[in-house]
Structures are given as structure tokens and as C-alpha cells.
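The values are calculated or read from the model by the stated rules, or taken from the named source; none is laboratory data. Because the structure is predicted, anything quoted here is derived from the model rather than measured. Quick reminder, even Gly has a Cβ in these numbers, built from the backbone with ideal geometry, and neighbours come from all protein chains shown. Note: accessible area is taken over every heavy atom of the protein model, side chains too, but ligands, DNA and RNA are not part of it. Shrake-Rupley method; radii C 1.70, N 1.55, O 1.52, S 1.80 Å.
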Amino acid sequence: MTEPFRNPEPAPQWGAFALVCLAYLAVTVGEQTLSPVFPSTSDALGLSEAKGGVAFGVLALSIAAFNLVGGRLLRAVGPTRAIKVAAAVTAVGSVAAASSPGFTTLVGAQILLGAGAGLFFPAGLQSVAILAGPGRKGLAMGIYGVAFSGGLTIAALLGSLGAASGWRWSFWAAAVLAAGAVVASGAIQMPPARILGPPSKVVWRDVAGLPTVVGSVGAVCQYGAIPFLTTFAVATWGMTAGGAAAMLAVGRVVSIGAKMLAGAGADRAGARASARVTGILLAITGLGWVLLPGSWLTYALAAIFSGTVSSIFPVANLLAIERFGQNGSAIGAYRSAQIGIGAATGVVIGVAGEMIGLRPMLAIACVSPISLLWICREPQTVEAR
């Protein structure tokens, strides 16, 4: 099989790789800040669960739309400039969220934050594959996924800060981090690399294949269920907003180890096997925290679930890089499809949860990873007669 990237310098470019990961962390913080501070934000702005579902859904839809734009931007200006633009948009969106006087402005800020995350993804994923060099893409995807986990962890910690000092401070901190990423990304030096294959034509048969389906299962939980975890904890278990945000922060720390284990499992047993094991663990822990009454065991299950969900994405990204990693537009379409599914899930959970309760809707979302047992089954080989 032809390698999608051919780097004339075999040594990994770890300095530039680290700067790409820093930018990924920054845009992730901006993207994920609203979820842990939503109980405080809803009290301050008078938001219902349905409005929360709209806000989370708009964020995910914005990410999905701008993933497509990001693929085109990558081809037009190159990965370094695309990363810089994405971080700048995230900084603007964070400022807009921090100064939001009401729901409408907050939704507009969510659109900007989604745009920053969407513009970044194609450039970031392609840059990682180039900078890691041939034969190191699996390790690179694991480390790149840890950067996302770092962003989730910081966002959750900012949620704890917001519960104590005011939710707007969380977004101001996200704006400072994104602005720092804009400055730092100017130092990214991409090695010369020849991108093989069609530059812009999207092969939809590939995009609609296994990488997108696997990523979509993760998106249902990441963008559908987890945004409501803190709200569920406060309303159902009687936790404080700060305690719920701290629980989510623990889950973000768990995600670091979960991604490394998933990556190691993919290298050892294959991506499909790693995804199947993850699906079983998520279904068990997800149903546990949704159905059991509040206790330390339940909190632990919730933290494990929220941390393990994101380990699906490095596996999906590895599958995507192997299948169409040379094509920025295809990468954008791949990410757009799965985030679009996550967006729809978030809206449905928010609206239906207000009518029939969050618990049954979250239970459906949390059991969905069990489908990876079928989705990622090993292809059968035809024996010669």
C-alpha cells in the first residue's frame, strides 16, 4: 500500500509536533468550556435544559460545518496558517462567550468556538502524520489524542474555577490560552513533504466507511451525553456545581491513560480489537453511572466513562489517516460527519430530556458503544478450496 505521506527526513519533528498539540489543546479548551460551567451559566442567564441542548448542538454543528471549510483552508494556505487562523477564531469566540449578556450571544459564541475547532482539525491531523514521520503514525495519534485530553482536563478545571469565581472567568482563561497558541503556532516549521493522491476530490465511499462510523459512536457520547453529565450530577445526585466539574476533571485525567492504552492495544492487537474492548468498557460504565444512585462508586464510573470515551477517536483517526490521510477535504468531511451526528444527539437529549427526563436519554446514548462489537468485527477471510 502506498504511504499517504512521504517525508524526506525520517527523524520526527518533535518540536513542531509539540506546538501542533499545544494548539489542539487550546482549541479544545475553548470548545469544551461551556459543558462544565453550564450549571452556573444556566443559573446566571436563566437557561433551561432545552436551551442547553440547543447550545451544545449548535457548537457541534458549527464544528461539523467548519471541518469542511477547514479542509479547503488547509489546501489553500497550508497547515501552519490554518492552525493559526483556527486558534485566533477560538480566542475571539472565548471573549464573546465571556462577555455574553444572554442566550443569543452565548449561542453566537458557541458558533465561533465550534468554527475554531472545525478549522483546526484537518490541518492538525495532517500535520501530525507528516511531523511524526513514516512508521510512527500510531504513536503520534496517541500523543495527539493526549493533547485533546489535556484540553478537556483544563476545561473541566476551569469549570471548577468558574463555579467558585464566576463562570465568565473560565472563558477569559480560555481566550488567553488560545491567544498564546496563535503566537506559538507561528514557530511551526513543516518539513517538505509530498502529498500523494488527489488534492481535493473527496471519495465519499471512503469517508462513509469504518473510520467515520467508529468516530461517530464516540461523538454520540462526547458531544451528546457528556455535556449533560454535570447537569445530571447536580440535578439527580445533589452534587454541587464545583463538585460535578471536579468529577469531570478527574475523568479528563483518566482519558490520558485511556488513550495511551487504546493506542498500545491498536499497535498490539489491531485497531478493531482495541475499539471492541473500549465499547464494552463504555457500555458497562455508562449504564452504571446513569442507572445507579449517587455514591462514590457512581462518581468513579462516571469519571471512567467520560475519560474512556475520547480514546475512541485516536483509533478512528488512525483508520482515517491510513485510508485518506493525504486528502484534507476528506479529513474534513470525515470529522464533519461524526460531529454532525454528535450535534443531533445533543439536541435530542436536551429537548427530550426536558420532556421525559435526562436519565432514559442518557442511558440510550451511553449504551451505544456496545455497537462497536459488531461495527469493528474482524473481516472474514475466504479460504481457498
- prompt: Among the listed residues 276, 252, which satisfies the condition of being among the charged types (D, E, K, R) and surrounded by fewer than 24 Cβ atoms within 10 Å (Cβ to Cβ)?
  reply: 276
task: Pick out the one residue from 80, 104 that is open to solvent by 20 Å² or more (accessible area, probe 1.4 Å), in a helix (DSSP H, G or I) and closer than 17 Å to residue 46 by Cα.
output: 104
task: Can you run down the residue pairs with Cβ atoms below 7 Å, 6 or more apart or on separate chains, where the first is in region 76-87 and in contact (Cβ under 8 Å) with a residue 60 or more places away in the chain and the partner is surrounded by fewer than 24 Cβ atoms within 10 Å (Cβ to Cβ) and part of a helix (DSSP H, G or I)?
output: 84/182; 87/182
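Residues checked against (1) polar (S, T, N, Q); (2) surrounded by fewer than 24 Cβ atoms within 10 Å (Cβ to Cβ); (3) part of a loop (DSSP other than H, G, I, E, B); (4) modelled with pLDDT under 80:
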{"position": "25", "(1), (2), (3), (4)": "no, yes, no, no"}
{"position": "31", "(1), (2), (3), (4)": "no, no, no, no"}
{"position": "40", "(1), (2), (3), (4)": "yes, yes, no, no"}
{"position": "44", "(1), (2), (3), (4)": "no, yes, no, no"}
{"position": "51", "(1), (2), (3), (4)": "no, yes, no, no"}
{"position": "58", "(1), (2), (3), (4)": "no, yes, no, no"}
{"position": "66", "(1), (2), (3), (4)": "no, no, no, no"}
task: For residue 340, indicate whether it is open to solvent by less than 10 Å² (accessible area, probe 1.4 Å) and part of a helix (DSSP H, G or I).
output: no
query: Tally time: how many residues in region 325-337 are farther than 18 Å from residue 272 by Cβ and in a helix (DSSP H, G or I)?
result: 9
